[in-house]
Amino acid sequence: MKIGNISEMQPLEIDGGKILKRVLIGPRDGAPNFVMRLFTLKPGASTPYHTHPWEHEVFVVDGEIEVVSKNGRTRVSKGSFVFVEPNEEHQFHNFTDKEASFICVIPKEGGE
């Protein structure tokens, strides 16, 4: 069993520190199937608009983000969840002036 706290984890800085990524649980912990990650988006930050063959389960922990897909843009906030299907184009954008965080769970095939 692993019990931890994000305050004890050093984030990986992406896009010059505009995005912080923490792998909370993954293969290094012996997790055989899934990887749980916590992303923090600084104001104005966006993940790349992309697609891949695995699904995402996303839960907004704090703040507000805009979910971008081929069908448009949808704003979601703390407590919202999003299911991104395999091969679905997607992006997460922080349109606010405050940080936003979300948990993203993927199968281990997606890497960390």
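Just give me the residues in the range 27-50 being surrounded by 13 or more Cβ atoms within 10 Å (Cβ to Cβ), within 14 Å of the chain's Cα centre (by Cα) and in a loop (DSSP other than H, G, I, E, B), in sequence order.
Residues of the range 27-50 that are surrounded by 13 or more Cβ atoms within 10 Å (Cβ to Cβ), as a first pass: 27, 29, 31, 34-43, 45-47, 49.
With within 14 Å of the chain's Cα centre (by Cα) added as a condition, the list becomes 34-42, 45-47, 49.
Answer for the range 27-50, where residues must be surrounded by 13 or more Cβ atoms within 10 Å (Cβ to Cβ), within 14 Å of the chain's Cα centre (by Cα) and in a loop (DSSP other than H, G, I, E, B): Lys42, Ala45, Thr47, Tyr49.
Every residue, every condition in (1) surrounded by fewer than 13 Cβ atoms within 10 Å (Cβ to Cβ); (2) of a type in the set (D, E, K, R); (3) under 16 Å from Ile103 (Cα atoms), yes or no:
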residue: Ser7; (1), (2), (3): yes, no, yes
residue: Ile19; (1), (2), (3): no, no, yes
residue: Leu24; (1), (2), (3): no, no, yes
residue: Glu55; (1), (2), (3): no, yes, yes
residue: Val60; (1), (2), (3): no, no, yes
residue: Glu64; (1), (2), (3): no, yes, yes
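Quick one: is Glu13 of a type in the set (D, E, K, R), without any contact (Cβ under 8 Å) to a residue 60 or more places away in the chain and farther than 18 Å from Phe83 by Cα? Let's see the steps before the verdict.
On the way: of a type in the set (D, E, K, R): yes; without any contact (Cβ under 8 Å) to a residue 60 or more places away in the chain: yes; farther than 18 Å from Phe83 by Cα: yes.
When the stated conditions are applied, Glu13 passes them.
Which condition breaks for Arg73 when tested against (1) more than 14 Å from the chain's Cα centre (by Cα); (2) at positive phi?
All conditions are met except number (2).
Here, each number is a calculation from the coordinates, and none is a lab measurement. Here the structure is a predicted model, which means the values were calculated and not measured. For neighbour counting, all protein chains shown are included, and Cβ atoms are generated from backbone atoms with ideal geometry for every residue, glycine included.
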